[in-house]
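Asks: Handing you this structure, nothing more for now.
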There are 2 protein chains.
Amino acid sequence: MNLRELSQQLGLSQTTVSRALNGYPEVNETTRKRIQDFADHHNYRPNQKAKSLATGKSMLIGHVIPFSTQHEMVNIVFSDFIAGAGEVYSTHGYDMLLSVVNDDNEIRAYSELARKGSVDGVIVHGPTQNDPRIALLQDLKIPFFVHGRSTDATSSYNHLDVNNKRAFSRATEFLLNLGHRRIGLINGLERMDFAQRRRHGYEDALQSAGIMPDPAIMRSAEMTEPFGYAATKELLAADHPPTAFIASSIVPALGARRAIEERALTVGKDVSIICFDDAISYMPNGEGEPIFTATRSSVRDAGRRCAELLIGVIQNPDAPPVAELWEAELVVGQSTGPAPKKA
Amino acid sequence: MNLRELSQQLGLSQTTVSRALNGYPEVNETTRKRIQDFADHHNYRPNQKAKSLATGKSMLIGHVIPFSTQHEMVNIVFSDFIAGAGEVYSTHGYDMLLSVVNDDNEIRAYSELARKGSVDGVIVHGPTQNDPRIALLQDLKIPFFVHGRSTDATSSYNHLDVNNKRAFSRATEFLLNLGHRRIGLINGLERMDFAQRRRHGYEDALQSAGIMPDPAIMRSAEMTEPFGYAATKELLAADHPPTAFIASSIVPALGARRAIEERALTVGKDVSIICFDDAISYMPNGEGEPIFTATRSSVRDAGRRCAELLIGVIQNPDAPPVAELWEAELVVGQSTGPAPKKA
DNA sequence: TGCGTCATCCAAAGCGCTTTGGAAGTGATT
DNA sequence: AATCACTTCCAAAGCGCTTTGGATGACGCA
């Protein structure tokens, strides 16, 4: 059942039927009702392909997800982000277009989406330092929104970020106040902008306390459980082992805990852990008292907000760029305690 | 730059240009080359909306993701599945359309996608027993593929499933052979078909060994870390605590481990854990020797295969239904050992 | 020379919707 | 009775592609 049949059966023009169903004013209320009822009865839905072509809007928002054996951007944070964003899209009549592409083709994937006109806007995930995608998307003149930030980007662009530097300096200060002097860093991949900022926050806090940051107790990799385990195990086995660790996500923190307990040490007593908690829905940080002391910011909320703001940009492309910076909250859990007295 | 401009500048008809670019035979090789070069030079990409309307194919495959506060289908398994599926879509020129909808609207979301013609096919995630979506999609006459199975579905439908029953009976047998007699079950939500089958596998293995399954040591909920923790903690504190646990995913298994270690017990010695391992990319089951003894089947591979098969169905809608049943492999890790002697 | 075949190209008709630019009818006003 | 404003509807022209059904010319062959 398409618009033509529908209008023929109603004895009206396509124009009138289309207008009636789309809520335009120039149609009599009684005929509108008749049209609406008839359409409902026949379960009519306008063909999306035709509608898109006619209006020029695809009602789709693109997300490009690179994959490779090295670099899993399809990560733990991602699924919660799209859950939040998708929620908002739905309520505005949009759907999400996911393009899962090989790492090497990531840049190309963005320009394909734009040139083919398959999406009305794009979200940029996981920006690196001086991320080339930003300039590209500006060139392509397609609305886009960055989740995170890209240092050294020359012009301004729409984005929302967590104050990662502050989150990590606060976490580090928290440990320092507990008397810890040797604090290991278990960071994400440092070509990611957020990981850079986190390290700077950590280093700044140490330096402010008169402690020289020691690269020997900093690790950086994809944020998996085994990475957290391996890094912690190695650092604990070395000379001058840290008495506390600061981890970039709850996942490597779980690995850190495993390494600590394997040495028959107690988390929160012998060794402290603090981490960044993205408030992942299926991996919550405990139910009552948090498992891990953490700086927390919901990535799902971030997804929601990015979606809202991007839709705003699509509806009003000439508005000045929007930027938001969220502060993470510090929640105290069971994984931290005073630095143990020296033996 | 669109096809009309392109053909005008080339002094050719739209027909010829379109055919040249789409590889049809009825165009001279030298003119094809000229057209191709010109198009490449101008970075021309056919408009997807127009192409879709003309061909009737959207080159999109729909996934519906329900969300609610109760039930998080946006779960750990999901992100790896779509990574695998998306990979295959890309290589076939498809993209993924994600519709994130409120729980109550899930059914409607499928029929909207079909009626609006926005997708060429659909994947059904997380089938329950006698899942209504199967009949609906059959009615709507849209190609679809089910990841999992739905017991009691009257007619046959395209699907791929892991042999969950067998995976859990084998896991249970493995524990029985180690001398365990009291084995706790930490299952997923039992309205999910897979969770049902898993429990049956567990119960069957117990009964074959002459052990009466005891509902008092079975738990079922969303597969989160805190759930695994809470369930294990509770069971360990009760009379006749289990000496082993079988968990439905690596995530609650992590929670189980936490509860066990909290009681100063050792995993794999005092208490054994075996779990189902979906081989999640960012939460691998260790690198060398697995952390958890597990029955394993890659959900990412399943995503890949479902995508392939669905594309097959789209290209050949009248082919007989395809069904695949994968066997999980049993990998032995550090989390299991002989049942402790009675004190 | 005339005819059939083949390779190469094109005009135009869709695909199913939205939207522009009226047209027709209805009252109210002069 | 003529004019105007307003409401209500419609025919037709897009949107940018694909695809049908020829048209044209070159060539080989009888």
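Values quoted throughout were computed directly from the atomic coordinates according to the rules given, and no laboratory measurement underlies them. What you see is a predicted model, and the numbers here were worked out from it, not measured in a lab. Every residue, glycine among them, receives a Cβ derived from its backbone with ideal geometry; neighbour counts consider all protein chains shown.
Asks: Relative to the other copies, what are the label-point distances for B:HIS92, with labels 7 Å from Cα along the C-beta vector, expressed in nm at one decimal and sorted shortest first?
Replies: 3.1
Asks: Right, another one. Of the beta bridges DSSP finds with both residues in the protein assembly as shown, what % are antiparallel, to the nearest 5?
Replies: 15 percent
Asks: Can you give me the relative contact order of chain A as a percent, contacts being Cα pairs under 8 Å and 6 or more apart?
Replies: 17 percent
Asks: Between 0 and 90 degrees, rounded to the nearest ten: what's the tilt of helix B:193-208 against the longest Cα principal axis of chain B?
Replies: The angle comes out at about 30 degrees.
Asks: Could you give me D for chain B, from Stokes-Einstein at 4 °C and 1.567 mPa s, where the hydrodynamic radius is the Kirkwood radius over C-alpha pairs? Units µm² s⁻¹, please.
Replies: 57 µm²/s
Asks: Moving on to the next point. Once amide H atoms are built 1.01 Å from N in the peptide plane, which residues 5 or more positions from B:THR128, or in another chain, come under 5 Å H to H?
Replies: Close amide H contacts, sequence-distant or interchain: B:ASP193.
Asks: Amide H of B:GLY62 versus every other amide H placed in the peptide plane: which residues, excluding those fewer than 5 positions away on the same chain, fall under 5 Å?
Replies: Under 5 Å from the amide H of B:GLY62: B:LEU97, B:ASP120, B:GLY121, B:VAL122, B:ILE123.
Asks: How large is ³J(HN,Hα) for each residue in region A:325-339, as worked out from phi by the Karplus curve 6.51 cos²θ - 1.76 cosθ + 1.60 (θ = phi - 60°), to whole Hz, x for Gly and Pro?
Replies: Residue by residue, region A:325-339 yields 10, 9, 8, 7, 9, 9, 10, 9, x, 8, 9, 10, x, x, 4 Hz.
Asks: Something else now. Pop a pseudo-label 7 angstrom from the Cα along the beta-carbon direction at both A:THR15 and B:THR31 and give the gap in nm to one decimal.
Replies: Going by the 7 Å Cα→Cβ label model, 4.0 nm.
Asks: Find, among the residues of chain B, the one whose Cβ sits nearest the axis of the rotation taking B to A; state the distance in whole Å.
Replies: B:SER79, 2
Asks: List, in order, the whole-Hz ³J(HN,Hα) value for each residue of region A:220-233 obtained from phi through the Karplus relation with A = 6.51, B = -1.76, C = 1.60 and θ = phi - 60°; use x for Gly and Pro.
Replies: 8, 6, 4, 7, 9, 5, x, 5, x, 5, 4, 4, 5, 4
Asks: What ³J(HN,Hα) values, in whole Hz, does the Karplus curve 6.51 cos²θ - 1.76 cosθ + 1.60 give for region A:137-150 when θ = phi - 60°, with x put for Gly and Pro?
Replies: Computed from phi, the couplings for region A:137-150 are 5, 5, 4, 6, 6, 10, x, 8, 9, 9, 8, x, 9, 10 Hz.
Asks: Angle check, please: helix A:299-315 long axis (alpha carbons) against the longest principal axis of chain A (alpha carbons), in degrees 0 to 90, nearest 10.
Replies: Helix A:299-315 and the main axis of chain A meet at about 40 degrees.
Asks: Now for a separate question. Average projected area of the Cα convex hull of region A:34-125, in nm²?
Replies: That works out to 7.7 nm².
Asks: Also: Would you mind checking region A:310-343 for residues with the amide N under 14 Å from a putative spin-label position 7 Å along Cα→C-beta of A:GLN138?
Replies: Answer for this model: A:321-322.
Asks: May I ask for the distance between the Cα centers of region A:280-310 and region A:8-55, given as a whole number of Å?
Replies: Their Cα centres are 43 Å away from one another.
Asks: Further question: Given H placed on each backbone N at 1.01 Å, which residues far from B:GLY148 in sequence or on other chains put an amide H within less than 5 Å of it?
Replies: Under 5 Å from the amide H of B:GLY148: B:LEU160, B:ASP161.
Asks: Just to be sure I understand: of the beta bridges DSSP finds with both ends in chain B, what percent are antiparallel, rounded to 5?
Replies: That works out to approximately 10 percent antiparallel.
Asks: Something else now. Once label points are set 7 Å from the Cα along Cα→Cβ at both A:ARG191 and A:GLN207, what is their separation, rounded to one decimal in nm?
Replies: 2.6 nm
Asks: Where the label is 7 Å out from Cα toward Cβ, how close does B:ASP301 come to the same position in every other copy, in nm, shortest first?
Replies: With the label placed 7 Å along Cα→Cβ, B:ASP301 yields 4.1 nm.
Asks: OK, next. State the volume of the convex hull built on the alpha-carbon positions of the protein assembly as shown, expressed per residue in Å³ and rounded to an integer.
Replies: 191 Å³
Asks: What are the nm distances, shortest first, from B:GLU324 to its equivalents in the other copies, labels at 7 Å along Cα→Cβ?
Replies: Listed shortest first, these distances are 4.2 nm.
Asks: Given region B:216-343, what percent of its DSSP beta bridges are antiparallel, to the nearest 5?
Replies: About 25 percent, rounded to the nearest 5.
Asks: Could I ask something else about it? In degrees from 0 to 90, rounded to the nearest 10, what is the angle of the helix A:106-116 Cα long axis to the longest principal axis of chain A?
Replies: Its long axis makes an angle of about 10 degrees.
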